[in-house]
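The values are calculated or read from the model by the stated rules, or taken from the named source; none is laboratory data. All of these numbers come straight from a predicted model, not from anything done at the bench. With ideal geometry, Cβ positions are generated from the backbone for all residues, glycine too; neighbour counts draw on all protein chains shown. Surface areas here come from the heavy atoms of the whole protein model, side chains and all, with no ligands, DNA or RNA. Shrake-Rupley method; radii C 1.70, N 1.55, O 1.52, S 1.80 Å.
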Amino acid sequence: MHHHRTPKGVRLIHRRLLITNAGTGPTTSLIASVRAGIPMVDIVGTHWDRFVLRSADVAARYLTPHVEDDAFVDALTAVVRDESIDAVIPNADPEVAIVSRHRASLPCRVFLPDDDIVQVCQDKLVLAHHLRNGKVPAPRTVGLTSIDDVEEAWEDLGRPSRAWCRIRIGSGSRGATAVSDVEQARAWIRYWERMRGVPPALFTLSEYLPGRDFSCESLWKDGRLVVVKTTERLSYFGGGDRPSGVSSNAALAKTIHDERLVEITREAVLALSPRASGMFSFDLKEDVAGHPCITEINIGRVFSTTLLFDRVGIHNVAALYARLALGEDPGVWDEYDDSPDYYFVRELDRPPTILHADDLLDDVMDVRTPACRA
């Protein structure tokens, strides 16, 4: 692994960050990366769940109302004032949405894409249509208004042998699975409506993408790429327990070099805004012809696997993100930071492992076949 460089001209000034969703896996990774890249930073954490918050490794912990509570913004504003916060970094979709909407009223820096872009990216149906209208590869996607629309939506997709049925908002592959016919799609949607209270109008049917699964973290400032990193998901955390067999959380991921992903994600960001700023975390899958398509943009936040992105390669993306949030020059521009063939291995209740392909069998005795034991 490479040692990260401190960008030239960066002054080591004590800064104070407020990071939401503190105590969760993704934010724990984000905080570790920020601290590794910015020596003089105080981090204050917030969460609405006291159990999650208590486990956060931060300088100060603040229990806020739930993000959907009207009092959330006032509570966040009070913390920003009381703690003399320089910048707030929301690190979950609901917090990104609310901080984006109320950024003008927060007495600190907020480094997010424009609010209209946040809204587009947080609605998977709107995003898919926006990308396809801009000639950016994305799966054909049809929205539903009721359970009666499934037949027509299936027709619109060309009566495929398989389609992808999912909820158009939210994260973590919630409510997403492959279906092989209209009846399966209806049954899946009815289950979520009756058991989980999700109305059919929140579902989409889209083209099923059978190929490789990629993730891509892309950081931008004023329409200019700062840095981009790419990985491939090879297996899924809890995937075997889901009807779909997959999830957005990788149990095994690998760093890769793939210029196609860089080009497609660049086209996507500029199609959203020629002056885009902020973090754009992409999910992509290959279609039947092997062409990558964007299935999701996790706008304004890092992946749970940001640890892999930041410990491998030259640049620490989370630290660069925090520097930009603090109003500093990142000192890096237009860089594809690729260090292929590092693996990220994750399992419940143990720290993740990061190792290179060349080191996989170091100190391992292979006894799989008699020939190996000879």
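Miscellaneous remarks
- Residues within the stretch 35-61 that are outside any helix (DSSP H, G or I) and closer than 26 Å to VAL317 by Cβ, tallied: 17
- Some residue of the stretch 70-89 being surrounded by fewer than 16 Cβ atoms within 10 Å (Cβ to Cβ) and within 20 Å of SER281 (Cα to Cα): no
- Among the residues of the stretch 63-87, none is identified as more than 13 Å from LEU106 (Cβ to Cβ) and of a type in the set (Phe, Trp, Tyr).
Residue-wise test of (1) open to solvent by 80 Å² or more (accessible area, probe 1.4 Å); (2) within 30 Å of CYS108 (Cβ to Cβ).
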| residue | (1), (2) |
| --- | --- |
| GLY327 | no, yes |
| VAL345 | no, no |
| ASP349 | yes, no |
| LEU355 | no, no |
| ASP359 | no, no |
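- The listed residues are ILE294, ILE299, ILE264, and the only one of them that is at pLDDT 95 or above and out of contact with any helix residue (DSSP H, G or I) (no Cβ under 9 Å at 6 or more places or on another chain) turns out to be ILE264.
- In the set (1) open to solvent by less than 70 Å² (accessible area, probe 1.4 Å); (2) of a type in the set (Asp, Glu); (3) over 30 Å from PRO137 (Cβ atoms), ASP283 fails one condition alone, (3).
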